[in-house]
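Chemist: Dumping the structure here so I can ask a few things about it.
Values in this text are rule-based calculations from the coordinates and carry no lab data. Since this is a predicted model, take the numbers as computed values, not measurements. Cβ placement follows ideal geometry from the backbone for every residue including glycine, while neighbour counts extend to all protein chains displayed.
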Amino acid sequence: MGTASFSRPPEMSGAENNSRTAGLALRMSKTAFTFAMALYFALVVFDNVTDYGTNFQFVTHVLSMDSVPNNQSVVWRSVQSPKFHHLFYWIIILWEAVAALVCASGAFTLLRSLKSAAVFNAKKTYAIFGLSIGSLLWFVAFVIVGGEWFLMWESKWSGELAAFRMFTINAFVLGFLVLPDKD
């Protein structure tokens, strides 16, 4: 029988160890922010479904343009049909639900990949998709369609500031996530 030889891994310098710890901390932070966005979207969906009337009223006023100063050159843009108001609202709710689910899937994937920067970088896809879906919701549905097409910015029902805030938070998390990770 031969003797087993056990060798210790080479010692890391303090700087190398700090760099590894910082890299892990950044990966954990990116994962936590992605989970936070999933939680946010899930709570928004929950609120919109359980308290349907509150935000439905907002959607109705924006689409009908009933609180925009009377400007006959743009009033043709308004949507007066309650059926379409419900349809628009459900599209927003489903969009939020998809963002929540894809962000959550991405966050769980990232959580399982924390140990290796290379694996973590390769597993960002669902988180990137989820955060992109969320960013597009705020930018397209609220800033472009609500804000510009339905002139929400002229209305007392303007949600553009809140939409811009959420777009900014979402874009920050997305920008932070896509930064390359190193061990």
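Chemist: Calculated from DSSP H runs of 4 or more alone, at -39500 (n - 2.57) each and per residue, what is the 222 nm mean residue ellipticity of the chain, nearest 500?
Modeler: -22000 deg cm²/dmol
Chemist: In a Gaussian network model over the chain where Cα atoms closer than 10 Å are linked, find which of Glu96, Glu148, Glu160 has the largest mean-square fluctuation.
Modeler: Among Glu96, Glu148, Glu160, the largest GNM mean-square fluctuation belongs to Glu148.
Chemist: Using only the alpha carbons of segment 83-183, what is the convex hull's orientation-averaged projected area in square nanometres? The partial results should precede the final answer.
Modeler: Numbers: hull surface 26.9 nm².
For segment 83-183, averaging the hull's shadow over all directions gives 6.7 nm².
Chemist: Something else about it: Which number gives the lysine pairs in the chain that have C-alpha atoms under 29 Å apart and are eight or more places apart or on different chains?
Modeler: The number of close lysine pairs in the chain is 10.
Chemist: As I understand it, the dipole of segment 12-141 uses +1 on the Cβ of Lys and Arg and -1 on the Cβ of Asp and Glu, about the Cα centre. Which of Val59, Leu26, Trp95 lies farthest toward its positive end?
Modeler: About the Cα centre, the residue reaching furthest to the positive side is Leu26.
Chemist: Shifting gears a bit: Placing unit charges on C-beta atoms (Lys and Arg positive, Asp and Glu negative, everything else neutral), compute the dipole magnitude of the chain about its Cα centre in debye, rounded to 20.
Modeler: Values: 13 positive and 11 negative charges, 121 e Å.
My answer is approximately 580 debye.
Chemist: Also: All other residues with a Cβ under 11 Å from the Cβ of Asn55 taken together, and with Lys, Arg as +1 and Asp, Glu as -1, what is their net charge?
Modeler: Numbers: positive: none; negative: Asp47, Asp51, Glu96.
Surrounding charge for Asn55 is -3.
Chemist: Of all the Cα-Cα pairs you can form in segment 60-108, what percent are over 14 Å apart? Kindly include the intermediate steps, with their values, before the conclusion.
Modeler: Working: 723 of 1176 pairs.
Everything past 14 Å amounts to 61 percent.
Chemist: Considering the values [x] 13.0; [y] 21.0; [z] 15.0, which represents mean projected area of the Cα convex hull in nm² as calculated for the structure under consideration?
Modeler: After the calculation, the listed value that fits is [z].
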